[in-house]
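Colleague: Following this message is one structure expressed as structure tokens.
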Amino acid sequence: MIKYHYIIFTIISIRIFTLNLQYAGLNLLAPAFLGLFFLLSVFKNSTLSIRALSNKMMMLNYLILCLFFISSIIGWMNGFELSISLSFLLKYVVILFLCYFGFIAASRGYKASLFYFILILNICNFFALLSYFGLGKNEVVNNIVRPIGIVGYSEVMSHISLFSLLFYFYLQSCEKWILQGTYRIIVAFSLILALVTLLLSSTLKNILVLPVGVFFILFFSGFGFSRLLKVTLLGAIIASPIIVYYGADLFIRLDKVVTAGIDLDIKKGDMVQSTFMFRVLHWKLLLTDWYNNYFYLGAGVGNVPFMKGFGYERGFKLDAHGDIVKFICELGVVGGAIFALIYYKFIRLLFSELPFSTLSVFCLSVILTFTIVGVAGKVFYSAYNLYFLSFLVGLSFGVSDSSRKRRQV
């Protein structure tokens with residue numbers, strides 16, 4: 001009999017590999033299939049499903065979904081198309097489904113789920129690597145070649161690589177009881193593959209935040225000083241030849257950002273000296289529009305590209321390129337404060353799960369890491385690795401639920 005989580009991961013994988021196919025129907029496939037499996041699962045496992053659906057993690061998800069639904073109505077009242085906001089709502093419905101399925105999978109095959117994760121992430125990184133070496137299209141942004149590969153644009157590929165790298169590192173550090181013999185060699189190879197793919201992405205912020213993510217994993221897993229030193233030395237030995245080979249371009253880009261500084265008084269027709277300055281100017285325009293027109297309730301989820309910011313010459317409007325600015329503009333002061341409170345509650349809830357589930361270490365670490373990335377990048381809204389993460393969050397809470405029940409017995 002085919003396992004549910006195999007089907008679910010297959011659906012996610014198909015969606016990832018069809019990111020660049022511009023067919024509206026593809027956006028409906030994942031919610032439709034997952035919704036069907038959700039109904040079948042609830043009907044077949046009512047007792048376990050009630051525990052999953054009433055879990056505190058799911059309660060916070062319900063609150064976020066309600067917040068985004070209200071924000072969609074606000075966007076419609078502001079004159080934006082309701083279909084734009086509803087399209088984003090479907091993404092969050094997928095996240096909610098995957099949290100549920102992760103919880104269910106914890107009682108059916110925790111080890112099998114982790115092995116399937118390794119397979120899918122390796123496939124994603126392999127195709128991303130092929131894209132960087134010429135498989136796929138390229139576009140030039142500020143004299144930087146950005147590949148458009150099978151798994152999406154360069155930033156999407158870089159997010160998947162960073163997520164994969166942290167996941168493999170977590171496995172090597174915290175799940176040694178699972179990784180025995182050949183599996184440990186496979187994960188070590190996968191870690192190197194993800195590191196090379198991340199460096200080739202030329203996504204500076206993701207590369208710079210990698211050590212922070214590693215630190216979070218080590219910190220929350222309770223590493224002592226001697227173990228921390230060993231892991232640091234091992235990581236440095238593995239990464240040093242790759243960083244030396246590929247690092248020159250990164251250092252040039254970093255120096256360019258520092259040298260250019262931030263000039264908010266740039267005139268029309270002037271050349272922007274760095275991608276970071278471009279972001280800051282874009283944020284200034286968006287925040288000015290938000291302050292003047294959408295201060296309290298925001299423009300509505302998904303509507304930042306239609307606000308008064310920068311756009312491409314070919315007619316496409318730019319997203320915020322920073323989740324913090326996007327949340328402020330789309331949710332406003334009221335919605336933003338509610339979301340920040342839910343986020344804080346969720347982090348505290350994950351922290352409370354640490355004694356019961358090792359996987360909580362990874363989930364907490366990667367959420368905090370990508371929150372930092374989200375200051376100057378699109379993570380919450382556009383990184384499809386969140387589909388993987390949401391399943392792992394549900395899996396983590398399912399493991400801790402089982403652990404608590406065993407302790408009570």
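Colleague: Using the basic label-point model (7 angstrom from Cα toward the beta carbon), what is the residue 90 to residue 32 distance in nanometres?
Modeller: Each label point is offset 7 Å from its Cα along the Cβ direction, giving 0.9 nm.
Colleague: Suppose the chain between residue 115 and residue 228 were pulled fully straight at 0.36 nm per residue; how much longer would it get relative to their current alpha carbon spacing?
Modeller: Roughly 38.1 nm would be gained on extension.
Colleague: What FRET efficiency would be calculated for the residue pair residue 285, residue 372, taking the C-beta separation as r and a Förster radius of 35 Å, to the nearest 0.05?
Modeller: Working from the Cβ atoms, E equals 0.90.
Colleague: OK, next. Set the Förster radius R0 to 41 Å, insert the Cβ-Cβ distance between residue 343 and residue 185 as r into 1/(1 + (r/R0)^6), and round the FRET efficiency to 0.05.
Modeller: 0.60
Colleague: From the gyration tensor of the Cα coordinates in the stretch 34-130, what semi-axes in whole Å does the equivalent ellipsoid have, largest first, with each one equal to sqrt(5λ)?
Modeller: The equivalent ellipsoid of the stretch 34-130 has semi-axes of 29, 22, 11 Å.
Colleague: Then there's this: For the stretch 161-172, just list the computed ³J(HN,Hα) in residue order, Karplus coefficients 6.51, -1.76 and 1.60, θ = phi - 60°, integers in Hz, with x standing in for Gly and Pro.
Modeller: Values, residue by residue: 5, 5, 4, 4, 4, 5, 5, 5, 5, 4, 4, 5 Hz.
Colleague: Still on this structure, please answer the following. I need the phi-derived Karplus couplings for the stretch 360-368: 6.51 cos²θ - 1.76 cosθ + 1.60, θ = phi - 60°, integer Hz, Gly and Pro marked x.
Modeller: Along the stretch 360-368, the couplings run 4, 4, 5, 4, 5, 5, 6, 5, 5 Hz.
Colleague: Also, quick follow-up: Students often check this: by mean Cβ neighbours within 10 Å, which of 209-215, 167-173 ranks highest, and how do the rest follow?
Modeller: Per-residue mean Cβ counts within 10 Å order the peptides as 167-173, 209-215.
Colleague: Taking other Cβ within 10 Å of each residue's Cβ, how do 350, 65, 40 sort, fewest first?
Modeller: Going from sparsest to densest Cβ surroundings: 40, 65, 350.
Colleague: If you plug each phi of the stretch 105-121 into the Karplus form 6.51 cos²θ - 1.76 cosθ + 1.60 with θ = phi - 60°, what whole-Hz ³J(HN,Hα) values come out, in order, with x for Gly and Pro?
Modeller: Values per residue, Gly and Pro as x: 5, 4, 8, 10, x, 4, 5, 4, 5, 5, 5, 5, 4, 4, 4, 5, 5 Hz.
Here, each number is a calculation from the coordinates, and none is a lab measurement. On a predicted model such as this, the values are computed, not experimentally measured, just so you know. Please note: Cβ atoms are built from the backbone with ideal geometry, for glycine as well, and neighbour counts cover all protein chains shown.
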